[in-house]
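S.K.: Input: one structure, supplied below.
Coordinate-derived values only; no laboratory data. If you're wondering where the values come from, they're calculated on a predicted model, not measured in any experiment. Glycine gets a Cβ as well: all are built from the backbone with ideal geometry, and neighbour counts include every protein chain shown.
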Amino acid sequence: MKNIFKLLLCFVVFCNCQKPIDNLPDTTLPPAGSPFIDTAISVGIAPGLIDEASGIADSKSNTGFLWVEQDSGNPPDLWLLSYSGIVQNQVHIDGAENRDWEDIAMGNGPVIGENYIYIAETGDNLAHFPDYAIYRFIEPKATEDTIFNWEKINFQYPDGSHDAEAMLLDNTTKDIYIITKRNSVSKIYKLGYPQNTATVITADSVGQFSFTGVVSAAISPDETEILVKTYSNIYYWKRQPGESILTAFKRAPLTLGYVTEPQGEAICFKQDNSGFFTLSEKPFIIPSVSLNEYHRK
């Protein structure tokens, strides 16, 4: 983050908004039955390259690499980051705007057989923007440096402005879910497929959590597991066969073991489903950030 106001705002959220209400599982220990090891393998990232990561997604077309986005104040670019923490490439999205990018997802899109990247232009710390957007485009190859062809899904909420930092893509239906951050409880909104890119559409309000402060979310490649992250916790749901995302969310989640990262705002599953990654923004007091991998048991 590039200013004191944003850092203080993050501190307030961390201190005051991250404890789930009492009906969620105890967060002091990893739960019995957790499918993941509760400690991470970490690799450092050279400082000054990706200091403000707000979303990560494991590449489908470039095995062993992650796509990373950074939030407001940064150019409309993606970084291709290796599992070993080395930046491989920087890809510019020509003509796009990074007002406040907050999450990223990989999955299906309009053209069958193509891998798509979705970028959530949904950040709004002061909750004053009238509308928001999702950028969608075919995943680039590792050697590409510019994206010229993209779609923009412009949307508004039915109940006013919200700050949202988490997005989920249902890979079967291609519906998009947005989860807010700063409400008293995190609200869930849906952009049903096919999303109209010719006008500003209105998201559907479809649910809410009993906790707040959501900063990222991810769904497993086989669509059977869901992660929702706050600054202090990672919540886990196992989906039943044929079950919708919203139905899964009606059950109390497991709380995974997690080594708390300062300003940790990014999470994604590995494409081989062997674990998941988290990545943090760099606070002023820490010289660099690390890519953290949690392996499946």
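S.K.: To the nearest Å, what is the center-to-center distance of segment 169-213 and segment 70-113, using C-alpha atoms only?
M.R.: Going from one Cα centre to the other spans 20 Å.
S.K.: Another question about this same structure. Taking Cα pairs under 8 Å and at least six residues apart, what relative contact order does the chain come out at, in percent? The partial results should precede the final answer.
M.R.: Details: 770 pairs, mean separation 62.6, N = 297.
It comes to 21 percent, rounded to a whole number.
S.K.: Hey, another quick one. If the cut-off is a Cα-Cα distance under 12 Å, which aspartates and glutamates reach residue 229, setting aside same-chain residues fewer than 8 apart in sequence?
M.R.: Within the straight-line cut-off, residue 229 pairs with 103, 165, 261, 265.
S.K.: Ordered by residue, what ³J(HN,Hα) values in Hz, to whole numbers, does segment 154-161 give under the Karplus form 6.51 cos²θ - 1.76 cosθ + 1.60, where θ = phi - 60° and Gly and Pro are x?
M.R.: Result, rounded to whole Hz: 8, 8, 10, 8, x, 10, x, 7.
S.K.: Determine the shape class of the chain: with a ≥ b ≥ c the square roots of the Cα gyration tensor eigenvalues, call it rounded for a/c under 1.5, and otherwise prolate if a/b is greater than b/c, oblate otherwise.
M.R.: It is rounded, given that a/c, with a ≥ b ≥ c, falls under 1.5.
S.K.: Can you give the FRET efficiency for residue 37 and residue 111, using 1/(1 + (r/R0)^6), R0 = 41 Å, r = Cβ-Cβ distance, to the nearest 0.05?
M.R.: That gives a FRET efficiency of 0.65.
S.K.: How would you order 213-219, 149-155, 203-209, 131-137 from highest to lowest mean count of nearby Cβ atoms within 10 Å?
M.R.: On the way: 213-219: 27.4, 149-155: 16.3, 203-209: 17.9, 131-137: 21.0.
By packing density, highest mean first, the sequence is 213-219, 131-137, 203-209, 149-155.
S.K.: So if each residue of separation counts as 0.36 nm, and I subtract the Cα-Cα distance between residue 197 and residue 296, what length gain in nm does that give?
M.R.: Between residue 197 and residue 296, full extension yields an extra 31.8 nm.
S.K.: Give a quick list of chymotrypsin sites (Phe, Trp or Tyr not before Pro) in segment 233-297 that DSSP marks as loop, anything other than H, G, I, E or B, with at most 16 other Cβ atoms within 10 Å.
M.R.: Answer by residue number: 284.
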